Amino acid sequence: MSDCVFCAIVSGTSPAHVVYSDDDVVAFLDIAPISAGHTLVVPRQHSAGLADLDPMIGGKIFAAGQRIAAAMRAGAISADGVNLAMNDGRAASQTVFHSHLHVVPRHSGDKFSVAKGFLTRRARDLDSVAAMVREALEVLP
């Protein structure tokens, strides 16, 4: 889709801090993260939302999200927990209409709620954070 920012990232025509990719999905850091390491997992094939997302690809998105979550716990990010979230539709706060899974690392005592975090996002050192996530993914079995 020509006007979709995530399609542009998938095709390599827009920059992103990619932490994982395979034949079906691409994962990259959110440019306005809730917490350091906040990653988006998107299908390579455009789908605007759950209604047109192939269930097999949805499973691959979730599997990649699980792997990234494990890396966030095991690696330098040292997450104590992880939120996985998929917003489907404008009423559910979806702002980019290309299906995507949010993988948000959490730390004990971080004192934020996911809903509030989506409203108070801040830029981070994305180069360093992306390197930490990629490094942790490389050592996972």
Original post:
Among Ser108, Ser35, Ser99, which comes first, second and so on when ranked by fewest other beta-carbon atoms within 10 Å?
Top reply: Ser108, Ser35, Ser99
**OP:** Quick one: dipole size for the chain, taken about the Cα centre, charges +1 on Lys/Arg Cβ and -1 on Asp/Glu Cβ, in debye to the nearest 20.
**Re:** 500 debye
Subject >> Angle in degrees between helix 55-74 and the longest Cα principal axis of the chain, rounded to the nearest 10 >> reply: 20 degrees
Subject >> Kirkwood Rh, angstrom, region 5-139 [1 / mean 1/r, Cα pairs] >> reply: 14.8 Å
**OP:** Treating the angle as unsigned and between 0 and 90°, give the value, to the nearest 10°, between the Cα long axis of helix 126-139 and the longest Cα principal axis of the chain.
**Re:** 90 degrees
Subject >> Cα→Cβ-extended label distance, 7 Å offset, between Leu50 and Val5, nm >> reply: 2.3 nm
Original post:
Quick one: Thr95, Thr39, fewest Cβ neighbours within 10 Å first, how do they rank?
Top reply: Thr95, Thr39
**OP:** Could you list Val82, Val139, Val42, Val103 in order of exposure, starting from the residue whose Cβ has the fewest other Cβ atoms within 10 Å?
**Re:** Val139, Val82, Val42, Val103
Original post:
Given the Cα-Cα distance of Asp22 and Ala63 and 0.36 nm per residue of separation, how much length would full extension add, in nm?
Top reply: 13.6 nm
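Computed from the coordinates by the stated procedures, all read-outs in this text should not be read as laboratory data. All of these numbers come straight from a predicted model, not from anything done at the bench. Quick reminder, even Gly has a Cβ in these numbers, built from the backbone with ideal geometry, and neighbours come from all protein chains shown.
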